[in-house]
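The values are calculated or read from the model by the stated rules, or taken from the named source; none is laboratory data. From a predicted model like this one, the values you see are computed outputs, not experimental measurements. Cβ coordinates were reconstructed from backbone atoms using ideal geometry, including for glycine residues, and neighbour counts include every protein chain displayed.
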Amino acid sequence: MTRLRLLLVVAVAYTIGAQLAFVVFDADSIVVLFLPAGVTLSALLLSPRREWAWILATVAALELLIDIGHGLDPVYALGFAAANTLEPLVGALLLRRAVAGRIDLAQRPHLLAFLAFGVVAGPAVGALIGGTTIALAQDRGWFSSFLPFWAGDATGALTVAGTVLAWRRSLLTRCVPAVLVTAAVTAAGFWPQHLPLFYLPIPLLFWLGFTQPLAVTMTSGLAMTVTANTLTGAGRGPWAALDGPIEIKTATLQLFLAVAILGACFLTVGVTERDRAVSAAHQLQQALLPAVIPQRPGIRVSAGYRPADLTHHVGGDWYDVFDVPGDRVGFAVGDVVGHNLAAAAAMARLQSALRLLAQTAPGPAEVLAGLDRASMVIDGAHMCTVAYADYHPATRRLRYACAGHPPPLLMTDGTGEFLWEGRSMPLAVEPCPRPHAEREVPPGAHLLLYTDGLVERRTEPLRTSLDRLAVTVAAEPGAGLTETLLNRIPHDGPAIDDAVVLHVTFDSAPATYSNGLAS
């Protein structure tokens, strides 16, 4: 934006806000909501420092012209001009010292810096000068002049600068209806004078804060503030009907509006932070779930994952398929407690540890024993469960062990058998023996490893869920089994945990098969 265009935008916005303060908000009697405070602050924050002097000079000249035009003494007009130029300058300097780059109010540190310096410190400097000017000009008490000046400028900085800094052009279609509805609800709440309905816009604002981006929340907060002050200036609403000093009524109205807006903003930031953490956990989890090679000599493998939280797709369940020395293939399924970034991090460390242990351990029992020791020093690994098996295609020998995990299901000639051997306690509980079992599997057999989210339901015993799982696998043991099992979870009852399914089909393999890893 060119300098001339920048100054023109600032001049128009500042003039409109200042005229609103005089004509609509009744600033002739006492300082009220001052929207230009946010105009100047946002202009400084979004412009290079070489433009600051031009912006402040424009603001000072406009303030003098507007104040004198409304009948103020030129000496006092100079005081207001000084207040309204030093205030945004102090706020911008302090805020830029705290946040050097782009200001993102959706980040909690940036929002706190904006509030501390742009909304509190800067307006306090302006109120120190402006409040003193009012006290001298109208023979008022100093504090009763300082408080409404600070409240009006702070609310103006919060709403206008907050809206400008949070604004995204792509959200225009969301902002327009939100602003219209907020203004209408605020008008309905502030129109009656003796019926306490002024709280009506607050639930709406908090709902917007919970469901919409910060730009929508801030823009709606600005609409609520302007509407409430307009009706109060027109003699409507509870604040217009209150008895007492006008400066106290003015200050409490602005503080009421500011607190409501801040509550909605912090709600929006909290939701945004949660969504960012969930997104990071989801990306980490998806990066760690391996791309399963569907066809290997002697076996066919398919795998899938379904979170209990279908909205955010985050959990601590995992699966893995990898080559093991001795011409074996390893299969692992695990369940880490939790549905957040910590669970995903613990999952990553456990998965890596198991892979590493499987390269040197003689069998599944030793793998789980080593994993149990490793889990003692992994945050979030307490009470994790793991099922691990390895398979030798040439001899058709399957070895398996479970640490607190649901039993694998072996399907042979249409008959299902849950493998209850080789079981031990979950990880990181207490030292205990870690046995494993083994058996020979015929061609055409199917092995199903899964996590408890596939079978556990609040509304039925575990035995019933296991029996139904065996019936389902017997009816459809083909390539679509994994998808079938995961898709039917919501229809069997409310899912209470994430679910992972690892389906292995055992085919014939050449007796000379080798995976290239030394024993």
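Structure summary
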{"read-out": "Long-range neighbours under 8 Å by Cβ, at least six apart or interchain, first residue crowded, with 17+ Cβ neighbours inside 10 Å within the stretch 100-111, second hydrophobic (A, V, I, L, M, F, W, C) and assigned to a loop (DSSP other than H, G, I, E, B)", "value": "H110/V99; H110/I103; L111/L105"}
{"read-out": "Neighbours by Cβ (under 6 Å, 6+ apart or cross-chain): first from the stretch 1-22, in contact (Cβ under 8 Å) with a residue 24 or more places away in the chain; second surrounded by fewer than 18 Cβ atoms within 10 Å (Cβ to Cβ) and not in a helix (DSSP H, G or I)", "value": "F22/H70"}
{"read-out": "Test: residue in the stretch 123-137 that is in the same structural domain as I261 (by TED's automatic domain parsing) and under 23 Å from A264 (Cα atoms)", "value": "yes"}
{"read-out": "Criterion: touching a residue at least 40 places away in the same chain (Cβ under 8 Å) and touching a Pro at 6+ places or on another chain (Cβ under 7 Å) - qualifying residue of L409, L449", "value": "L449"}
{"read-out": "Sole exception among (1) within 20 Å of V39 (Cβ to Cβ); (2) within 29 Å of the chain's Cα centre (by Cα); (3) hydrophobic (A, V, I, L, M, F, W, C) for V125, by number", "value": "(2)"}
{"read-out": "Criterion: surrounded by fewer than 19 Cβ atoms within 10 Å (Cβ to Cβ) and under 17 Å from V500 (Cβ atoms) - qualifying residue of R355, R373, R423", "value": "R355"}
{"read-out": "The listed residue being in contact with a helix residue (DSSP H, G or I) (Cβ under 8 Å, 6 or more places away or on another chain) and within 28 Å of I248 (Cβ to Cβ), out of L41, L62, L46", "value": "L41"}
{"read-out": "Boolean, A240 is within 13 Å of the chain's Cα centre (by Cα), surrounded by fewer than 24 Cβ atoms within 10 Å (Cβ to Cβ) and not in a loop (DSSP other than H, G, I, E, B)", "value": "no"}
{"read-out": "Residue list for the stretch 409-446, restricted to those being part of a loop (DSSP other than H, G, I, E, B) and farther than 30 Å from D379 by Cβ", "value": "D413, G414, L419, W420, E421, V441, P442, P443, G444, A445"}
{"read-out": "Any hit, the stretch 384-406, residues being more than 21 Å from Y305 (Cα to Cα), aromatic (F, W, Y) and part of a loop (DSSP other than H, G, I, E, B)", "value": "no"}
{"read-out": "Unique residue being among the hydrophobic types (A, V, I, L, M, F, W, C) and modelled with pLDDT of 90 or more when the list is L33, L56, L72", "value": "L56"}
